[in-house]
Amino acid sequence: MDSDSSSLLTPGRHRPAAVREMFDRISPRYDLLNRLLTLGLDQHCRRRAVRALGLPPHCLIVDLACGTGDFCRILERRRMLPVGVDFSPGMLSNAKTSAPLVRADVMRLPFRDLSVEGAVCGFALRNLEALPPFLAEVARILQTGGRIALLEVAAPSGALPRSVHTFHFRRVVPAVGGWLSDKEAYRYLPDSVKFLPPQHELTKMLAETGFSEIEYCKLGAGIAGLFTATKT
């Protein structure tokens, strides 16, 4: 394992900087590879997540770790008022959305207490330093009754679908990602699943942070998991 890979996969003070630099490197072809490697299911999952928020038009929604603004575009089409936040300047410079974008760390959000009505986060939890302080920060900015939708990778049920998914995730993603973009980054992305807590642990974290009505479902033929919850 080289030094870049070690920084990405080893918890500690160097990991956030290594993750940010990785996303800067892969940002020019990030959208292309997402569509190619998921066959467009990533967008399907985001649309489902926005619907699951259950919020009316004109609500202020923060897209946490927004990347190139996929969630922002979907929220705009549903007449929401999205604001994207990401710490990668490369991702923000390659964003394709008219929503306001803020360069900031999602562990220290530049919003007032109780100032937003919803928050979404797509496939980024496993890149964070720690989830409890992140959830506490999201709870801080959400109004009472505000809603969150958190998308992350998952694995299908059943032996055969799970085997096919594992082969794709562990073999195809690094090979195609390395060919079209950055070999180290697309080796890291499947390996980063180790930073995700089990479903019951994340449910407990949400409850301990002050969220209720916590629900979980799988989307996109089982390749993604969606948590939704309400700030109490």
Reported set for the stretch 96-122 where residues are touching a Leu at 6+ places or on another chain (Cβ under 6 Å) and closer than 20 Å to Leu189 by Cβ is Val106, Cys121, Gly122
Of all the residues that make up the stretch 129-149, how many are surrounded by 20 or more Cβ atoms within 10 Å (Cβ to Cβ), within 10 Å of Lys231 (Cα to Cα) and of a type outside the set (A, V, I, L, M)? 2
Scanning the stretch 105-127 for residues that are hydrophobic (A, V, I, L, M, F, W, C) and within 12 Å of Asp86 (Cα to Cα), which turns out surrounded by the most Cβ atoms within 10 Å (Cβ to Cβ)? Cys121
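Out of curiosity, is Ala185 in contact with a Gly (Cβ under 9 Å, 6 or more places away or on another chain), hydrophobic (A, V, I, L, M, F, W, C) and part of a strand (DSSP E or B)? Break it down stepwise before answering.
Working: in contact with a Gly (Cβ under 9 Å, 6 or more places away or on another chain): yes; hydrophobic (A, V, I, L, M, F, W, C): yes; part of a strand (DSSP E or B): no.
It is false that Ala185 is in contact with a Gly (Cβ under 9 Å, 6 or more places away or on another chain), hydrophobic (A, V, I, L, M, F, W, C) and part of a strand (DSSP E or B).
Test Val138 against the criterion of being touching a strand residue (DSSP E or B) at 6+ places or on another chain (Cβ under 6 Å), of a type outside the set (Ser, Thr, Tyr) and assigned to a loop (DSSP other than H, G, I, E, B), and give yes or no. Full working, then the answer.
Numbers: touching a strand residue (DSSP E or B) at 6+ places or on another chain (Cβ under 6 Å): yes; of a type outside the set (Ser, Thr, Tyr): yes; assigned to a loop (DSSP other than H, G, I, E, B): no.
For Val138, the condition - touching a strand residue (DSSP E or B) at 6+ places or on another chain (Cβ under 6 Å), of a type outside the set (Ser, Thr, Tyr) and assigned to a loop (DSSP other than H, G, I, E, B) - is not met.
Give Val102, Val164, Val153 a once-over and let me know the one that is hydrophobic (A, V, I, L, M, F, W, C), over 25 Å from Cys217 (Cα atoms) and out of contact with any His (no Cβ under 8 Å at 6 or more places or on another chain). Steps first, answer last, please.
Values: Val164 fails: over 25 Å from Cys217 (Cα atoms); Val153 fails: over 25 Å from Cys217 (Cα atoms).
Selected residue: Val102, the only one of Val102, Val164, Val153 that is hydrophobic (A, V, I, L, M, F, W, C), over 25 Å from Cys217 (Cα atoms) and out of contact with any His (no Cβ under 8 Å at 6 or more places or on another chain).
Every residue, every condition in (1) over 30 Å from Arg140 (Cα atoms); (2) touching a Leu at 6+ places or on another chain (Cβ under 9 Å), yes or no:
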{"residue": "Glu184", "(1), (2)": "yes, yes"}
{"residue": "Phe195", "(1), (2)": "no, yes"}
{"residue": "Gln199", "(1), (2)": "no, no"}
{"residue": "Met205", "(1), (2)": "no, yes"}
{"residue": "Leu219", "(1), (2)": "no, yes"}
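Answer with yes or no whether Gly145 is without any contact (Cβ under 8 Å) to a residue 12 or more places away in the chain, at positive phi and not polar (S, T, N, Q).
no
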In the stretch 56-82, what residues are surrounded by fewer than 20 Cβ atoms within 10 Å (Cβ to Cβ) and of a type outside the set (D, E, K, R)? Pro56, Pro57, His58, Cys59, Leu60, Leu81
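Read the figures in this text as sums done on the coordinates, not as results from a lab. Computed from a predicted model, the values in this text were never measured in an experiment. Cβ coordinates were reconstructed from backbone atoms using ideal geometry, including for glycine residues, and neighbour counts include every protein chain displayed.
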